[in-house]
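What follows is a short report on a single structure.
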Amino acid sequence: MNVKKSLGNRIRGWFPQEPYRVSGGLNAVYEKKQPPLMIPPKYILSATKFSAALGIFWIIFYGFMTFDSLDFESYPTPALQIAAWTALGLAVGTTTVTMFIKKQLRQLSRDYQYVGNIKDTVVGFAPIILFFIFSFSAVWSIHDPIMRMPVFQGFLISTYTCGISIVITGCALYAAFEKRENMRLMRSWWGPGIVLIPKAPENMNFKKSLGNRIKGLFH
């Protein structure tokens, strides 16, 4: 038995006890991060529902302001020009917000928290900011008011469609991520920070709701 045990220990000693990376020779780390145990109290809003509410507000409020300021009778705008401005606004908004939110979701999948700041937001939405700056400059570079107004109306439509694409795309990406990961994205009222937390079991929600109803019968 001693001979077998000694031989087995020697054979095991020929092989590494822990896996190593081939390239760097460092110990491989297979430890997966866990969701944070303490959720900061300010993260009380669903990021998906917040985006949906923002989309409804943008469509109704800004839509009313946009279409109320358009005057196609006095300044007729060609349909092709309207279609071009609409497509440009949708393309810029959708592309920019998709890249920005996918970056957020990658960090959330890794760290369960996205702590952004104003600088990250400005850099992430730089294509949209530049688009509006150049478009607005192009509009006001036209000195003739009669020629300027149709272009300005197209710019307003482009702004409206760009905003719609931003809020709808963001809401769709958040909802798809939550469904795929079976987790919830929570944010605060102010600030770009988002945390990823597990969803509560449905039976727990049912029990809590049932318990609250039973308590209400005796009060």
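Within the stretch 87-99, the set of residues being hydrophobic (A, V, I, L, M, F, W, C) and within 16 Å of T48 (Cβ to Cβ) comprises V97 only.
The set of residues in the stretch 166-177 being buried (at least 20 other Cβ atoms within 10 Å of the Cβ) and free of Cβ contacts under 8 Å to residues at least 40 places away in the same chain is empty. Checking each residue in the stretch 131-147 for being farther than 15 Å from V97 by Cβ and either modelled with pLDDT of 80 or more or β-branched (V, I, T) (or both) picks out I133, F134, S135, F136, S137, A138, V139, W140, S141, I142, I146, M147.
Residues in the stretch 109-165 that are of a type in the set (S, T, Y), crowded, with 16+ Cβ neighbours inside 10 Å and without any contact (Cβ under 8 Å) to a residue 24 or more places away in the chain: S135 alone.
Put simply, of G116, G55 the only residue that is under 30 Å from F177 (Cβ atoms), under 14 Å from the mean Cα position of the chain (by Cα) and outside any helix (DSSP H, G or I) is G116. Looking across the stretch 72-108, the residues that are within 23 Å of I197 (Cα to Cα) and surrounded by 14 or more Cβ atoms within 10 Å (Cβ to Cβ) come down to V97, T98, F100, I101, K103, Q104, L105, Q107, L108.
Here I146, I133, I142 are screened, and the one residue that is part of a loop (DSSP other than H, G, I, E, B), farther than 21 Å from I56 by Cβ and either over 11 Å from the mean Cα position of the chain (by Cα) or not aromatic (F, W, Y) (or both) is I142. Tell me, yes or no, whether the stretch 119-130 has at least one residue that is of a type outside the set (D, E, K, R), more than 30 Å from L196 (Cβ to Cβ) and part of a helix (DSSP H, G or I). Checked against the condition, which is being of a type outside the set (D, E, K, R), more than 30 Å from L196 (Cβ to Cβ) and part of a helix (DSSP H, G or I), the stretch 119-130 yields at least one hit. Among the criteria (1) under 18 Å from V139 (Cβ atoms); (2) at pLDDT 80 or above; (3) surrounded by 11 or more Cβ atoms within 10 Å (Cβ to Cβ), the one S69 does not fulfil is (3).
The values are calculated or read from the model by the stated rules, or taken from the named source; none is laboratory data. Quick caveat: nothing in here was measured; it's all calculated off a predicted structure. Because the Cβ atoms are built from the backbone with ideal geometry, glycine has one as well, and the counts that use them run over all protein chains shown.
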